[in-house]
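Asks: Quick one: the structure is below, questions incoming.
Values quoted throughout were computed directly from the atomic coordinates according to the rules given, and no laboratory measurement underlies them. This one's a predicted model, so the numbers in the text were calculated from it and none came from an experiment. Backbone-built Cβ (ideal geometry, glycine too); neighbour counts: all protein chains shown.
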Amino acid sequence: MSEKISLKDVVDRLDQLIILWKLANRSIIQKFKEDITKDPISRKILDLADGSRDYTTLAEEVSQATGKSSRTAKGRISELSEKGAIRGIKKEGKVYYQSTGLYD
């Protein structure tokens, strides 16, 4: 007996797995969130990472807002991307960053 599974079914199941994973790792996620939000550079990146700013623009705006160097902001963008807090999406040869919502 072959049953067709729709894309919606797959998405619903993945959403359930994400919820279970977040519940099981709640304290670890909370610790990461606290560490990220304590840092003004990381906090500003998360505030601005809405998918409308490319890497360079995001770094420059964070630099201006925090008074830190663009290089520091770029390093923090990379760290947040590695930690799963933001993700880059390639569009027209540039990478635009948006929050993953993992630490929301």
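Asks: Using the number of other C-beta atoms within 10 angstrom as an exposure proxy, rank Arg76, Arg43 with the fewest first.
Replies: On the way: Arg76 22, Arg43 15.
Ordered by Cβ neighbours within 10 Å, fewest first: Arg43, Arg76.
Asks: If the chain between Leu14 and Arg43 were fully stretched, how many nm would it gain, using 0.36 nm times the residue separation less the Cα-Cα distance? Intermediate results must be reported in sequence, preceding the final value.
Replies: Numbers: separation 29, 0.36 × 29 = 10.44 nm, distance 2.77 nm.
Extending this stretch completely gives an extra 7.7 nm.
Asks: Could you check which residue among Gly84, Gly93, Gly67 shows the biggest mean-square fluctuation in a GNM of the chain with a 10 Å Cα cutoff?
Replies: Checking each option, the largest mean-square fluctuation is seen for Gly93.
Asks: Further question: Rank Val95, Leu48, Ser78 by how far each Cα sits towards the positive end of the charge dipole of region 7-99 (+1 on Lys, Arg Cβ; -1 on Asp, Glu Cβ) and give me just the farthest.
Replies: The listed residue farthest towards the positive side: Ser78.
Asks: Between [x] 1.30; [y] 2.83; [z] 0.97, which entry matches Cα Rg over 2.2 N^0.38 Å as derived from the coordinates of this structure?
Replies: Among [x] 1.30; [y] 2.83; [z] 0.97, the one derived from this structure is [x].
Asks: So what is the calculated 222 nm ellipticity per residue for the chain, using -39500 (n - 2.57) for each DSSP H run with n of 4 or more, over all residues, to the nearest 500 deg cm²/dmol?
Replies: Working: 5 runs with 65 residues, N = 104.
About -20000 deg cm²/dmol.
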